[in-house]
Amino acid sequence: LDRTRDLQYHYDLARELAFLRKRGVLIIGSGNIVHNLQYAFIDPEKPPYDWAIEFDALSTKAMDERDHYALINYNKLGKSAELSVNSAEHYIPLLYTLALQGENETLTYSNTDFQFRAGSMRCVKVG
């Protein structure tokens, strides 16, 4: 990932790759919606931080509403976004996945768990 480029660049680049799906190419993005190791706390008894839960929910709502613009501009979504995406390299793969979503395709989610209080492990599948 070219971290010198803005998030719109990454989204637009992924849109250009959409033709590969029609050729049978499986495209996988690996990252985290919420990923802040500065606040990670390894204790299975502790619940996720409120801000982590909030941003995961905001992101899921935006995905469900196909509001990719909000996710490209996550920095406008408030403090929970700032804490959840303190380093975008783990977040950018989500934008590639969303950019590949066809007009009539839905998203499904799996592994919606949190780890270390500050990591959303939500998996997003297009189609």
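The values are calculated or read from the model by the stated rules, or taken from the named source; none is laboratory data. Keep in mind that this is a model prediction, so the values were computed, not measured. Here the Cβ is made from the backbone with ideal geometry for all residues, glycine too, and neighbour counts use every protein chain on show. When the accessible area is computed, the model is the full protein with side chains, heavy atoms only, and any ligands, DNA or RNA have been set aside. Shrake-Rupley method; radii C 1.70, N 1.55, O 1.52, S 1.80 Å.
Some observations on this one:
- Cα-centred dipole magnitude for the range 1-59, charges only on beta-carbon of K, R (+1) and D, E (-1), debye, nearest 20: 520
- A protection proxy built from the mean count of other Cβ atoms within 10 Å ranks the segments 110-122, 14-26, most packed first, as 110-122, 14-26.
- For residue 79, neighbours were defined as the other residues whose beta-carbon sits under 15 Å from its Cβ, and their charges (Lys and Arg +1, Asp and Glu -1) total -3.
- Dipole of the chain, positive direction: furthest Cα of 60, 40, 99, with charges on the beta-carbon: 99
- Along its principal axes, the range 1-71 has C-alpha extents of 46, 27, 25 angstrom, given from the largest down.
- Chain lengthening between residue 76 and residue 107 when straightened (0.36 nm per residue, less Cα-Cα): 8.8 nm
- Candidate cross-link partners of residue 46 among the aspartates and glutamates, defined by an alpha-carbon separation under 15 Å and a same-chain spacing of 8 or more, comprise 113.
- Backbone phi angles across the range 114-127, fed through the Karplus curve with coefficients 6.51, -1.76 and 1.60 (θ = phi - 60°), yield HN-Hα couplings of 10, 10, 6, 6, 10, x, 8, 9, 3, 9, 10, 10, 8, x Hz in residue order; Gly and Pro are listed as x.
- Based on protein heavy atoms only, the chain ends up with 61 Å² per residue of surface accessible to a 1.4 Å probe.
- Full extension of the chain segment joining residue 6 with residue 40 gains 9.6 nm, where the gain is 0.36 nm per residue of separation less the Cα-Cα distance.
- Heavy-atom accessible surface of residue 42, to the nearest 10 Å², is about 140 Å², with a 1.4 Å probe and all protein chains retained.
- For the chain, the Kirkwood estimate of hydrodynamic radius, built from reciprocal distances between every pair of different alpha carbons, is 14.9 Å.
- Evaluated with a Cβ-only charge set (Lys, Arg +1; Asp, Glu -1), the chain carries a dipole of roughly 340 debye about its Cα centre, given to the nearest 20.
- Rounded percent of accessible protein surface that carbon and sulfur make up, the range 4-70, 1.4 Å probe: 54
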